[in-house]
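The values are calculated or read from the model by the stated rules, or taken from the named source; none is laboratory data. Treat the numbers as computed from the prediction; the structure is a model and nothing was measured. Note: ideal-geometry Cβ built from the backbone for every residue, glycine included; neighbour counts use all protein chains shown.
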Amino acid sequence: MWVFSPRRIAVGAAVLCFTAIGAAQQQQPSNGGDAEVAKIKNPVEPTADSIAAGKKVYEVNCASCHGADAKGGLTISVIEDRGGKQPPDLVDDKWDHGSTDGEIFTVIKKGVAPDFFMIAWGGQLSDTDIWNVVNYLRSLAPNK
């Protein structure tokens, strides 16, 4: 039979916090890209079906922060209040966390630490959905 003392609860909570912090730090893509992540190749061909599927996922999950046209420009008050960088334009030629398909995929899947203003979508979207979003974004800015 388990006996839950305040000390056991506090120790358990501390272990959970440190585990979560460690996981977040491991998920953080480095600014300007990551050479290893950049090597990841997109396994989903950028077909019309993939791009259309990516557009649907984008509209439901991404447009509220990055705008319907993926050009950013929206101000999110909680980010502003905490001094964070607002959601960027996803079709310009500036990428803060790398511009390869693998880097974009990783930012969508794992989010951007340490504040996670860009949340991790890996728990809500399948890898195929994320690759479809990458293909959709590429279709909006084909010169990237």
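Results, tabulated for the structure shown:
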| read-out | value |
| --- | --- |
| Those residues of the stretch 29-75 which are free of Cβ contacts under 8 Å to residues at least 12 places away in the same chain, of a type in the set (A, V, I, L, M, F, W, C) and in a loop (DSSP other than H, G, I, E, B), in sequence order | ALA68 |
| Test: residue in the stretch 41-54 that is of a type in the set (D, E, K, R) and either surrounded by 15 or more Cβ atoms within 10 Å (Cβ to Cβ) or at pLDDT below 95 (or both) | no |
| Residues within the stretch 92-144 that are surrounded by fewer than 18 Cβ atoms within 10 Å (Cβ to Cβ), touching a Leu at 6+ places or on another chain (Cβ under 9 Å) and among the aliphatic types (A, V, I, L, M), tallied | 2 |
| Subset of the stretch 113-139 [touching a residue at least 12 places away in the same chain (Cβ under 8 Å), aliphatic (A, V, I, L, M) and not in a helix (DSSP H, G or I)] | ALA113, MET118, ALA120, LEU125 |
| Residue in the stretch 76-95 that is nearest to PRO114 (Cα to Cα), counting only those that are assigned to a helix (DSSP H, G or I) and among the aliphatic types (A, V, I, L, M) | ILE79 |
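Residue-by-condition table, conditions (1) in contact with a helix residue (DSSP H, G or I) (Cβ under 9 Å, 6 or more places away or on another chain); (2) within 20 Å of ALA35 (Cβ to Cβ):
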site: LYS94; (1), (2): no, yes
site: SER99; (1), (2): yes, yes
site: GLU103; (1), (2): yes, yes
site: THR106; (1), (2): yes, yes
site: PRO114; (1), (2): yes, no
site: ASP127; (1), (2): yes, no
site: ILE130; (1), (2): yes, no
site: ARG138; (1), (2): yes, no
